[in-house]
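Rule-based calculations on the coordinates, nothing more; no lab input. No experiment lies behind these values; they were computed from the predicted model shown. When we count neighbours, we look across all protein chains shown, and the Cβ atoms used for this are built from the backbone with ideal geometry, even at glycine.
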Amino acid sequence: MRADLCRKMLIVSAPSGSGKSTLIGALLQKNPNLAFSISATTRPPRGKEEHGKDYFFLSVEDFKEKIKQNAFVEWEEVYEGRFYGTLKSELERLWGMGKTVVFDIDVKGGLNLKKMYPKESLSVFIKAPSLENLRERLIKRGTDSPEQIEQRLAKAKEETSHESYFDHVLINDDLSKSQLEFFEIVETFLQKKESQ
Ligand code: 5GP
């Protein structure tokens, strides 16, 4: 019974540049019962990202070895040659601590998790008001080459076509407004699950 109560998850998917990381960061700061699931990836660290904090940065060989060992709850080749995945050990570690686990995950992975954990999870899709707005944000962020930006925009277009499969769609046009809406959605979910 107690283990059941702890097995909650918040799945957050969004095209990159839609403000997802900022919203997740604010949410984690607000609620200490939530914990971020650190994914494994084969992409190199960006900016100030740290191994074991933002991601577990693995070589392609190590990542493939873990696939063979069945170490992932889910994994995807999100961009060509770039693998991302949720390690079973990470999920167990956080659930073991009694935390509600928060996932920053691509749409395919997010919908897969939702299918695996339909009752335990709340899935939220965050999007920028428009593709043009997203392009501007990615250019401003300054962490991707023009080619990578085009790749991310193509992916964003594809991902947005699946938004209706999520429990909630949040349009991030005004950060403080979106933050409040996000907090409310999550709070309602946590209360509902806790009272069951
Ligand atoms: P970024 O390179 O911008 O950090 O992440 C690229 C994409 O990979 C984002 O959509 C992010 O949500 C997704 N992603 C991060 N971790 C995982 C994971 O463990 N599994 C899957 N399927 N996608 C992930």
Worksheet item: What residues have an amide H closer than 5 Å to that of E74, excluding those fewer than 5 places away on the same chain, when H is modeled at 1.01 Å from N in the peptide plane?
Response: T86
Discussion item. Assuming 0.36 nm per residue, please report the length gained on full extension of the stretch S176 to A26 beyond their Cα-Cα distance.
Written reply: 53.0 nm
Worksheet item: For the chain, what are the DSSP H helices with axial Cα length of 24 Å or more and mean Kyte-Doolittle hydropathy of at least -1.0?
Response: 175-194
Item to complete: With all distinct Cα pairs included, what does the Kirkwood hydrodynamic radius of the range 73-136 come out to in Å, to one decimal, could you say?
Response: 13.6 Å
Discussion item. Can you give me the C-alpha center-to-center distance between the range 121-196 and the range 16-44, rounded to a whole angstrom?
Written reply: 12 Å
Practice prompt. Identify which of T160, T100, T143 has the largest mean-square fluctuation in a Gaussian network model of the chain, with springs joining Cα atoms closer than 10 Å.
Written response: T143
Response to the item:
Spelling it out for Y55: with amide H atoms placed in the peptide plane at 1.01 Å from N, the residues 5 or more places away or on another chain with amide H under 5 Å from its amide H are E50
Fill in: Antiparallel bridge percentage (DSSP; both residues within the chain; nearest 5)
30 percent
Response to the item:
Taking K20, K157 and counting other beta carbon atoms within 10 angstrom, the fewest-first order is K157, K20
Response to the item:
Dividing the alpha-carbon radius of gyration of the chain by 2.2 N^0.38 Å, where N counts its residues, gives 1.00
Worksheet entry | Calculated P(r) of the range 95-179 - Cα pairs past 19 Å, % | 49 percent
Item to complete: Let me know the longest stretch in the chain that avoids all GluC sites (Glu not before Pro) found in a DSSP loop with at most 16 other C-beta atoms within 10 Å.
Response: 81-196
